[in-house]
Amino acid sequence: MDKLLANICASLNIAVFCQRTNGAFQLLSHTPDWLVFFLGQSVSMEAILTDAFPYLTCFIDDAEQHWQARNATPLSSGVWVEIDELGNEIAIEANALWVDGQAVLLLNNLGEKYRKEVSHLQQLREGLLTQEKLENEVQKRTLKIKQREEEIAIKLVSLTSYRDEETGAHVKRIGLYAAAMGKALGWDTQQIDDIRIAAPMHDIGKIGIPDRILLKKGKLTSTEFAIMKRHTEIGAKMLQDSHIPVLDMAADIALCHHEKWDGSGYPRGLIGEEIPVSARITAIVDIYDALVHERVYKKALSEAEALELMGSMTDSHLDAKLFEVFLGLLPVMRRIRQEVNEINELLVSY
């Protein structure tokens, strides 16, 4: 073998073999020190490599096909590990290729570089696992924060439910309905979570309305109704300026859920898309839930009756496009109604 080529093979820890007709391999390069232990001698000779390295048994079958195809592109065996005379692990790789009419096999001791690469990959893996653990911990803590926010919101809403006919199940359904619509509209996870918590707070301002008006069974006078309408502004003032997104959304909903698409609502007479979309969604789901559930002051409508009535309110009271989204989600809304009801609420309270 050319001296320069021999030096390159030595520096790269490569042993070069060519296959003989008897299936043995003739060593063409000098015998690297690391190979002597496995072959049992250091002079150029023929060797049955599969006896020295059983791992090669299957690879040689693939190599034979590679050589028969006269393929000069190296075919790799993949890396395997042997134990040397000192009990140390060494990583070896074989490559088969066709060169100048000969079937050539290279054996390469990958040495310290391979160990460093493996160590580096292990460090990366451990780093990724640590990052994954940290991300999981962050997700768990974020979920706990969301759960606390929702619990706080429900507690706030419960202050008003003691004073009027609204139930805890009703306000919980409002949040779930609204979240389903947010998801259908392509909102991100944070916005969906926010409206689920914020929508139930739409009537929180009723805490500031006197009982003689809030609990009155008959029709309100114009003066009484003017006072009742103030619950929108009271609720907004309770929730606004917190710089917390979920409470900012709740403030918008509290203020605007009685606005109407045609501008005839209150308190500001907003028109169309001037009304925050979160408030438009809440108006739809609040009306739906109120119509299909019985209260002490009214009987429940069938869903068909409720939807017909709501359909007549589009383009005057309700956003027609959002109502279409709502109609497309009716199976979801029905499932929420079935799962979250006053009976379940009563059972949970015990």
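Before moving on, here are some points about what is shown:
- Residue that is more than 49 Å from the chain's Cα centre (by Cα) and modelled with pLDDT of 90 or more, where the choices are 41, 26, 68: 68
One line per residue, one yes/no per condition, for (1) farther than 23 Å from residue 172 by Cα; (2) in contact (Cβ under 8 Å) with a residue 24 or more places away in the chain; (3) surrounded by 19 or more Cβ atoms within 10 Å (Cβ to Cβ):
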site	(1), (2), (3)
271	yes, no, no
278	no, yes, yes
286	no, yes, yes
303	no, yes, no
306	no, no, no
320	yes, yes, no
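- Just one of (1) in contact with a Gly (Cβ under 9 Å, 6 or more places away or on another chain); (2) modelled with pLDDT under 95 fails for residue 271. It is (2).
- Comparison of 232, 282, 223 shows that the only residue that is closer than 17 Å to residue 181 by Cβ, among the polar types (S, T, N, Q) and assigned by TED's automatic domain parsing to the domain that holds residue 324 is 282.
- Highlighted here are the helices (runs of 4 or more DSSP H) found entirely within the stretch 194-287 that include at least 3 residues which are of a type outside the set (A, V, I, L, M, F, W, C) and under 35 Å from the mean Cα position of the chain (by Cα): 245-256.
- Pairs, first closer than 14 Å to residue 22 by Cβ and without any contact (Cβ under 8 Å) to a residue 40 or more places away in the chain in the stretch 48-59, second hydrophobic (A, V, I, L, M, F, W, C) and part of a helix (DSSP H, G or I), C-beta under 6 Å, six or more apart: 50/56
- Subset of the stretch 308-318 [crowded, with 16+ Cβ neighbours inside 10 Å and either in contact with a Lys or Arg (Cβ under 6 Å, 6 or more places away or on another chain) or more than 14 Å from residue 286 (Cα to Cα) (or both)]: 314, 317
- The stretch 63-78 residues that are under 11 Å from residue 105 (Cβ atoms), paired with ones that are of a type in the set (Asp, Glu) (beta carbon under 8 Å, 6 or more apart): 75/62; 77/93
The values are calculated or read from the model by the stated rules, or taken from the named source; none is laboratory data. Source: prediction; values computed, not measured. Cβ: placed from backbone, ideal geometry, glycine included. Neighbour counts: every protein chain shown.
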